[in-house]
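Worksheet: one structure, shown below.
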Amino acid sequence: MFVMSQNIFPKLFKNHEPWRTYRAELLTSPENTIGKYLGLFLEKYGLELISKVERHPYHTITRYGPKVEDEIALHYLCLSNGKRSLYMYGAILLAILPEYYNYYLRSFRLGKQGNPFHHYDYKKLLNVPIDDFRQAIFSTREFKLVNRPLI
């Protein structure tokens with residue numbers, strides 16, 4: 001249900017223009033930038049950006065994977081970091097996996113401790129060095145407690 005909702009939600013509730021940017025283009029981005037890491041993330045997992053819901057930069061910045069449990073943990077992090085959306089609330093309420101409770105709790109705490117990052121226009125930040133951006137959002141100690149390296 002969670003996976004199906006990712007394709008339905010944008011068509012019903014998002015009214016902004018899609019990026020029209022694809023994995024191949026992102027892979028040509030300068031090294032160590034948000035765009036390059038986004039392209040690598042999409043390539044590693046065989047994904048493309050979801051039109052009108054280009055939120056995969058959240059994955060590359062936070063290092064959360066695309067598995068359902070990681071998606072839910074990322075929603076907890078975003079909730080405590082100040083993001084508000086109907087989709088996020090639905091994902092948290094309907095898709096919780098009890099065996100990952102501690103992971104969700106750590107993610108929630110990390111979001112509270114980090115600087116807000118959900119309001120940025122990531123299409124404009126694709127050439128920003130990813131490590132600089134991560135440091136501006138999360139302290140190294142907090143960030144390492146929750147995340148595992150993905151790319």
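Computed from the coordinates by the stated procedures, all read-outs in this text should not be read as laboratory data. Fair warning: this is a prediction, and the values are worked out from it, not measured in the lab. All Cβ positions, even for glycine, are placed from backbone atoms using ideal geometry, and neighbour counts span all protein chains on display.
Structure notes:
- Scanning segment 30-54 for residues that are within 12 Å of the chain's Cα centre (by Cα), in a loop (DSSP other than H, G, I, E, B) and in contact (Cβ under 8 Å) with a residue 60 or more places away in the chain gives a single hit, Glu54.
- Here is the figure for segment 72-86: residues that are within 21 Å of Phe133 (Cβ to Cβ), part of a helix (DSSP H, G or I) and in contact (Cβ under 8 Å) with a residue 24 or more places away in the chain total 7.
- Leading residue by the ranking (surrounded by the most Cβ atoms within 10 Å (Cβ to Cβ)) among those in segment 87-117 that are in contact (Cβ under 8 Å) with a residue 60 or more places away in the chain and closer than 29 Å to Arg23 by Cα: Ala91
- Checklist (1) within 14 Å of His75 (Cα to Cα); (2) not in a helix (DSSP H, G or I) applied to Asn127, failing item: (1)
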